[in-house]
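Chemist: One structure follows; several queries about it will come next.
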Amino acid sequence: RLCSMIRVIPFLCSAILASLTLLSLQQHTFCDALSAPVTKSSKPILMHSEEGSTVQFDTACVANPVVVPPDEYSDEWQCYYYGNNGGWNHDHKSFLPTGSTGLAISDDGITWTKVAGNEKDGAVLCPSDSGWDCVHIGANEVFRVSENEMHMYYFGADDEEASMGPMNIVGMFMRIGRAKSTDNGRTWKKDENFVLDNDESEGFFASWPRIVRFDDGRPWKMTYHSFNGTRWRVFGAESSDQGDTWTRTGLLLEGGEEEAFDFKGIGTRAVIPRGDDLLMIFEGVCTNDKHRFGAAINKGSKSNEWSKLNDGLPILNFEDAPFGDWCCGVIGTPFVVDMPDGSLRLYHCGKKPGIEEKMAIGVVESKSGDFMPGSWTALP
């Protein structure tokens, strides 16, 4: 396995800190695009915890919102997210904003209050003491399966080292796991093992899973992404036993030509049903490591064929007016909520350029329910 990594070390050494998470640091000049007058710009809705607060695992950053709206069994909005306090478990250095998973609740999905969990430093799910997820984790999908049970799909990595020239990197070999809650998300019990292993033919990891469930007996669909040393690509898997086991279905989506906004690849993404189809809003990275959101569609939702929309162009740029200057360096980890009134909310993370800046979470909306350019406005 290490021999295969050596072949891609030149790519990884230059990319790992700048691009691996699709959350790289950007140049200040792009913030200038936000200086033109706009009607309204977004503001962060969830930020890192301050020292001395009841939640301490996320004092360095928060990212990757996973939003569960109210339903017939619960009247609260929930936002699961990951963060860290500058490092990972077992004193390993972090190169991603992952670490542990927290929970915030809300009455409207806009104003949030963090819940102090029972795990270390107020998290609701932490890395295990040993095993495949003992260094860092991150929640990426949460849904209710019955009145009294919720399922979380998360990813994590152990302390196996990846040799990067003069460096040894811990946390690369991510896998996908599942946890269950019977108290409305306050405490979670992990399955004994991961549900999807990484596959060397795809890349170094299997990570950031999204799940789509169907009511007509069709297999559940999972999308996840990997990195092969040069590109990020989206892959699929299916489950015929309600998520207990998963079978890979192959490559679903990858970046475009060299001039494309997603040339370096496609990573984090949201996937939701839209009528009979599936809509994906994804994060793409171009040759100079700028991050933008694009869209793709799976017609009929029965095949594994995905087609990019908007002629392969982005639907949202970090320079666009809906985004405030707090995220003029990078946007990422999209999560879409299809609202009862037909509007769409797009939750995301973002930050200004600079190592000293801390990642936060925000939201924009499309009141019309359209997802193409020009449809999105700031919320709140």
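Chemist: Could you go through region 211-225 and let me know if any residue there is touching a residue at least 12 places away in the same chain (Cβ under 8 Å), open to solvent by less than 10 Å² (accessible area, probe 1.4 Å) and not in a strand (DSSP E or B).
Modeler: no
Chemist: Let me ask something additional. Being touching a residue at least 12 places away in the same chain (Cβ under 8 Å), acidic (Asp, Glu), closer than 30 Å to residue 57 by Cα and outside any loop (DSSP other than H, G, I, E, B) is the requirement here; does residue 357 meet it?
Modeler: Spelling it out, it is not the case that residue 357 is touching a residue at least 12 places away in the same chain (Cβ under 8 Å), acidic (Asp, Glu), closer than 30 Å to residue 57 by Cα and outside any loop (DSSP other than H, G, I, E, B).
Chemist: Looking only at residues in region 139-167 that are of a type in the set (D, E, K, R) and in a loop (DSSP other than H, G, I, E, B), which one is farthest from residue 204 (Cα to Cα)? Reasoning before the result, please.
Modeler: Just the residues of region 139-167 that are of a type in the set (D, E, K, R), to begin with: 141, 144, 147, 149, 158-161.
Now drop any that are not in a loop (DSSP other than H, G, I, E, B), which leaves 147, 158-160.
Values: 147: 37, 158: 13, 159: 14, 160: 12 Å.
This residue is 147.
Chemist: Looking only at region 117-129, count every residue that is in a loop (DSSP other than H, G, I, E, B) and within 22 Å of the chain's Cα centre (by Cα) and tell me the total. Even if it seems obvious, please write down each step before you answer.
Modeler: Residues of region 117-129 in a loop (DSSP other than H, G, I, E, B): 117-119, 123-124, 126-129.
Subsequent filtering for residues that are within 22 Å of the chain's Cα centre (by Cα) retains 117, 119, 123-124, 126-128.
Looking only at that region, the number is 7.
Chemist: May I pose another question? Considering each residue of region 226-247, count those that are open to solvent by 20 Å² or more (accessible area, probe 1.4 Å) and in a loop (DSSP other than H, G, I, E, B), and give that number.
Modeler: Initial filter on region 226-247 (open to solvent by 20 Å² or more (accessible area, probe 1.4 Å)): 228, 230-231, 233, 238, 240-242, 244-247.
After this cut, where a residue has to be in a loop (DSSP other than H, G, I, E, B) as well, the list is 228, 230-231, 240-242, 244-246.
Here the count works out to 9.
Chemist: Now, a different point. Among (1) open to solvent by 10 Å² or more (accessible area, probe 1.4 Å); (2) under 22 Å from residue 206 (Cα atoms); (3) in contact with a strand residue (DSSP E or B) (Cβ under 8 Å, 6 or more places away or on another chain), which single condition is residue 345 missing?
Modeler: Of the numbered conditions (1) open to solvent by 10 Å² or more (accessible area, probe 1.4 Å); (2) under 22 Å from residue 206 (Cα atoms); (3) in contact with a strand residue (DSSP E or B) (Cβ under 8 Å, 6 or more places away or on another chain), the odd one out for residue 345 is (2).
Chemist: Cβ-Cβ distance below 7 Å, separation of 6 or more or different chains: which pairs start in region 292-303 with a residue that is polar (S, T, N, Q) and end on one that is assigned to a strand (DSSP E or B) and surrounded by fewer than 16 Cβ atoms within 10 Å (Cβ to Cβ)?
Modeler: Taking only residues 6 or more apart or on different chains, the pairs are 298/277; 301/273; 301/277.
Chemist: Also: Residue under question is residue 298, and the condition is that it be modelled with pLDDT of 95 or more, open to solvent by less than 10 Å² (accessible area, probe 1.4 Å) and within 21 Å of residue 233 (Cβ to Cβ); does it hold?
Modeler: Considered against the rule, which asks whether it is modelled with pLDDT of 95 or more, open to solvent by less than 10 Å² (accessible area, probe 1.4 Å) and within 21 Å of residue 233 (Cβ to Cβ), residue 298 comes out as yes.
Chemist: Moving on to the next point. If residue 320 passes every condition in (1) of a type outside the set (Phe, Trp, Tyr); (2) under 29 Å from residue 201 (Cα atoms); (3) part of a loop (DSSP other than H, G, I, E, B) but one, which one does it miss?
Modeler: Among (1) of a type outside the set (Phe, Trp, Tyr); (2) under 29 Å from residue 201 (Cα atoms); (3) part of a loop (DSSP other than H, G, I, E, B), residue 320 violates only (2).
Chemist: Same structure, new question: Name the residues in region 360-376 that are in a strand (DSSP E or B) and at pLDDT below 95, would you? It would help to see each step written out before you state the result.
Modeler: We begin by selecting, within region 360-376, every residue in a strand (DSSP E or B); these are 360-366.
None - no residue of region 360-376 is in a strand (DSSP E or B) and at pLDDT below 95, so the list stays empty.
Chemist: Are there any pairs, at least 6 apart or on different chains, whose C-beta atoms fall under 8 Å, with the first in region 192-206 and among the polar types (S, T, N, Q) and the second open to solvent by 10 Å² or more (accessible area, probe 1.4 Å), and if so, which?
Modeler: 193/132; 198/175; 198/204
Chemist: Tell me, yes or no, whether region 248-271 has at least one residue that is within 24 Å of residue 337 (Cβ to Cβ) and open to solvent by 50 Å² or more (accessible area, probe 1.4 Å).
Modeler: No, the conditions are met nowhere in region 248-271.
Chemist: What are the residues in region 84-124 that are open to solvent by 10 Å² or more (accessible area, probe 1.4 Å), farther than 30 Å from residue 169 by Cβ and touching a Cys at 6+ places or on another chain (Cβ under 8 Å), if any?
Modeler: Scanning region 84-124 gives 105, 112.
Chemist: Which residue is surrounded by the most Cβ atoms within 10 Å (Cβ to Cβ), if the candidates are limited to region 272-291 and must be in contact (Cβ under 8 Å) with a residue 24 or more places away in the chain and not in a strand (DSSP E or B)?
Modeler: 290
Chemist: Considering only residues of region 145-160 that are charged (D, E, K, R) and out of contact with any Phe, Trp or Tyr (no Cβ under 8 Å at 6 or more places or on another chain), which is least open to solvent (accessible area, probe 1.4 Å)? Break it down stepwise before answering.
Modeler: The first filter runs over region 145-160 and keeps only residues charged (D, E, K, R), leaving 147, 149, 158-160.
Filter once more, keeping what is out of contact with any Phe, Trp or Tyr (no Cβ under 8 Å at 6 or more places or on another chain): 149, 159.
Numbers: 149: 55, 159: 79 Å².
Out of the qualifying residues, it is 149.
Chemist: Continuing with this model, one more query. Which of the residues that make up region 77-92 are farther than 22 Å from residue 190 by Cα and in contact (Cβ under 8 Å) with a residue 40 or more places away in the chain?
Modeler: To start, the set of residues in region 77-92 that are farther than 22 Å from residue 190 by Cα comprises 77, 85-87, 91-92.
92, the sole residue that qualifies.
Chemist: So how many residues does region 44-77 have that are in a strand (DSSP E or B) and open to solvent by 40 Å² or more (accessible area, probe 1.4 Å)? Can you show your working first?
Modeler: Initial filter on region 44-77 (in a strand (DSSP E or B)): 46, 61-68, 71, 74, 77.
Checking the rest, the ones that are also open to solvent by 40 Å² or more (accessible area, probe 1.4 Å) come to 71.
The number of residues fulfilling the criteria is 1.
The values are calculated or read from the model by the stated rules, or taken from the named source; none is laboratory data. Keep in mind that what you see is a predicted model, and the values were worked out from it rather than measured. Note that each Cβ is placed from the backbone with ideal geometry, even for glycine, and that neighbours are counted across all protein chains shown. All accessible areas refer to the heavy atoms of the entire protein, side chains included, with ligands and DNA or RNA removed. Shrake-Rupley method; radii C 1.70, N 1.55, O 1.52, S 1.80 Å.
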